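Reading through the structure tokens given below for one structure.
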Amino acid sequence: SVGAWDVVVTNTDLQSGTLPAGFLISYPASPQVISIIPATGVNTGAVAISSLTGTGFEYGAEVLLKKTGEVNITGTNVMVLPPAQITCEFNLAGAAEGPWDIVVINDDGQSGFLAGGFQVTYPAPQIASITPPVGINNGPVSITNLSGEYFRSPATVKLTRLGEPDIPATGVTVVNAGMITCSFALAGAERGPWNLIVTNPDGQYAIATNIFTVENPAPSISKITPNKGANDSTIFISALNGT
């Protein structure tokens, strides 16, 4: 069996001395990690690894994710198919983003790793609603609550419509992971429905289709000439003034 063995010396008078765990018996070769599927996972929960491939994997092997400055993530439900495949699960909830090393440690203590072989990511943003959902195309509109999930600063926000130039938001503030405030300059924008796109700094984005509507301003009346008429005939209005 692999592992640490005691070394015992016994004299002819039967007195003995022992060196506990003084000798290590190991497998012929250390494990080597080649690839992992999937190679990425979102830091909101568990990810199932369907295939961790390599060489020299033995029953009883332990699997870890390691990153400098972070607590190791130990694989659970580890199943080893010697000598070339392992399946397991990692709980990524709250794990730091970025590359993590994959480490396989056989029960003889020999180990192998794949540097930066697994990528932990933040979830993509999600858009739920926008307040107000309508803006007038004669000036700016202030968005008081763009709600959703997984927003990150500095996120970018824009309105898009087929055949029209994008309208980027200004003054974008990520209040928290579920709320953004910003402004859109709508002067001259085409009326009708527009799509909304929120992009996190890691490049992941969300699209809400036709969630915002641009409208023309309502008409206003300042004067009518003449401003009276008898109710026994048709009257001609020579001027109805307004905007």
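The values are calculated or read from the model by the stated rules, or taken from the named source; none is laboratory data. Predicted model, so just to flag it, every value in this text is computed and none were measured. Quick reminder, even Gly has a Cβ in these numbers, built from the backbone with ideal geometry, and neighbours come from all protein chains shown. Surface areas here come from the heavy atoms of the whole protein model, side chains and all, with no ligands, DNA or RNA. Shrake-Rupley method; radii C 1.70, N 1.55, O 1.52, S 1.80 Å.
Tell me, yes or no, whether the range 160-173 has at least one residue that is within 30 Å of Thr44 (Cα to Cα), within 27 Å of the chain's Cα centre (by Cα) and part of a loop (DSSP other than H, G, I, E, B).
Yes, that holds for at least one residue.
In the set Ile207, Ile211, Ile197, which member is of a type in the set (A, V, I, L, M) and loosely packed, with under 14 Cβ neighbours inside 10 Å?
Working: Ile211 fails: loosely packed, with under 14 Cβ neighbours inside 10 Å; Ile197 fails: loosely packed, with under 14 Cβ neighbours inside 10 Å.
The match here is Ile207.
Quick test for you: out of Thr74, Thr40, Thr55, pick the one residue that is among the hydroxyl-bearing types (Ser, Thr, Tyr) and without any contact (Cβ under 8 Å) to a residue 24 or more places away in the chain.
None of the other options fit; the residue is Thr74.
Go through the range 217-243 and give me each residue that's assigned to a loop (DSSP other than H, G, I, E, B) and surrounded by 10 or more Cβ atoms within 10 Å (Cβ to Cβ).
Matches in the range 217-243: Pro217, Pro226, Gly229, Ile235, Ile237.
Does Ile49 fit the bill of being in contact with a strand residue (DSSP E or B) (Cβ under 9 Å, 6 or more places away or on another chain), closer than 14 Å to Gly116 by Cα and not polar (S, T, N, Q)? Give the derivation first.
On the way: in contact with a strand residue (DSSP E or B) (Cβ under 9 Å, 6 or more places away or on another chain): yes; closer than 14 Å to Gly116 by Cα: no; not polar (S, T, N, Q): yes.
Spelling it out, it is not the case that Ile49 is in contact with a strand residue (DSSP E or B) (Cβ under 9 Å, 6 or more places away or on another chain), closer than 14 Å to Gly116 by Cα and not polar (S, T, N, Q).
Do we have Val198 as within 30 Å of Pro99 (Cβ to Cβ) and free of Cβ contacts under 8 Å to residues at least 24 places away in the same chain here?
Against the criterion (within 30 Å of Pro99 (Cβ to Cβ) and free of Cβ contacts under 8 Å to residues at least 24 places away in the same chain), Val198 does not qualify.
Could you count how many residues in the range 105-116 are part of a strand (DSSP E or B), open to solvent by less than 50 Å² (accessible area, probe 1.4 Å) and touching a residue at least 24 places away in the same chain (Cβ under 8 Å)? Explain how you work it out, then say what you get.
Of the range 105-116, the ones part of a strand (DSSP E or B) are 105, 111-116.
Right, trim to open to solvent by less than 50 Å² (accessible area, probe 1.4 Å) and you get 105, 112, 114, 116.
Cutting the leftovers down to touching a residue at least 24 places away in the same chain (Cβ under 8 Å) gives us 105, 112, 114.
Within the range 105-116, residues that are part of a strand (DSSP E or B), open to solvent by less than 50 Å² (accessible area, probe 1.4 Å) and touching a residue at least 24 places away in the same chain (Cβ under 8 Å) number 3.
Considering only the range 146-177, how many residues are on the phi < 0 side of the Ramachandran plot and among the aromatic types (Phe, Trp, Tyr)?
Residues that pass the stated criteria total 1.
Applying the selection to the range 15-29, what residues are modelled with pLDDT of 95 or more and outside any strand (DSSP E or B)?
Gln15
For the range 199-216, which positions are farther than 18 Å from Ala155 by Cα and part of a loop (DSSP other than H, G, I, E, B)?
If the condition is that a residue be farther than 18 Å from Ala155 by Cα and part of a loop (DSSP other than H, G, I, E, B), then Asn216 is the only one that fits.
Just to be sure before I move on: is Asp107 more than 22 Å from Asn200 (Cα to Cα), in contact with a Lys or Arg (Cβ under 7 Å, 6 or more places away or on another chain) and among the charged types (D, E, K, R) in the structure I sent?
Judged against the criteria, Asp107 is not a match.
If a residue must be touching a Gly at 6+ places or on another chain (Cβ under 7 Å) and either more than 18 Å from Asp202 (Cα to Cα) or open to solvent by 60 Å² or more (accessible area, probe 1.4 Å) (or both), how many such residues does the range 162-187 contain?
Our first condition is that a residue be touching a Gly at 6+ places or on another chain (Cβ under 7 Å); within the range 162-187, this holds for 178, 182-184, 186-187.
Now narrow it down to the ones that are either more than 18 Å from Asp202 (Cα to Cα) or open to solvent by 60 Å² or more (accessible area, probe 1.4 Å) (or both): 182-184, 186-187.
Within the range 162-187, residues that are touching a Gly at 6+ places or on another chain (Cβ under 7 Å) and either more than 18 Å from Asp202 (Cα to Cα) or open to solvent by 60 Å² or more (accessible area, probe 1.4 Å) (or both) number 5.
Residue check: is Pro154 open to solvent by less than 50 Å² (accessible area, probe 1.4 Å), outside any strand (DSSP E or B) and within 28 Å of Gly41 (Cβ to Cβ)?
no
When you check Leu196 against the structure, is it under 27 Å from Pro123 (Cβ atoms) and part of a strand (DSSP E or B), yes or no? I'd like the intermediate steps shown before the answer.
Working: under 27 Å from Pro123 (Cβ atoms): yes; part of a strand (DSSP E or B): yes.
So Leu196 passes the test.
Say we look at the range 17-34 and pick out the residues that are open to solvent by 80 Å² or more (accessible area, probe 1.4 Å) and polar (S, T, N, Q); which of these is farthest from Leu64 (Cα to Cα)?
So the residue we want is Thr18.
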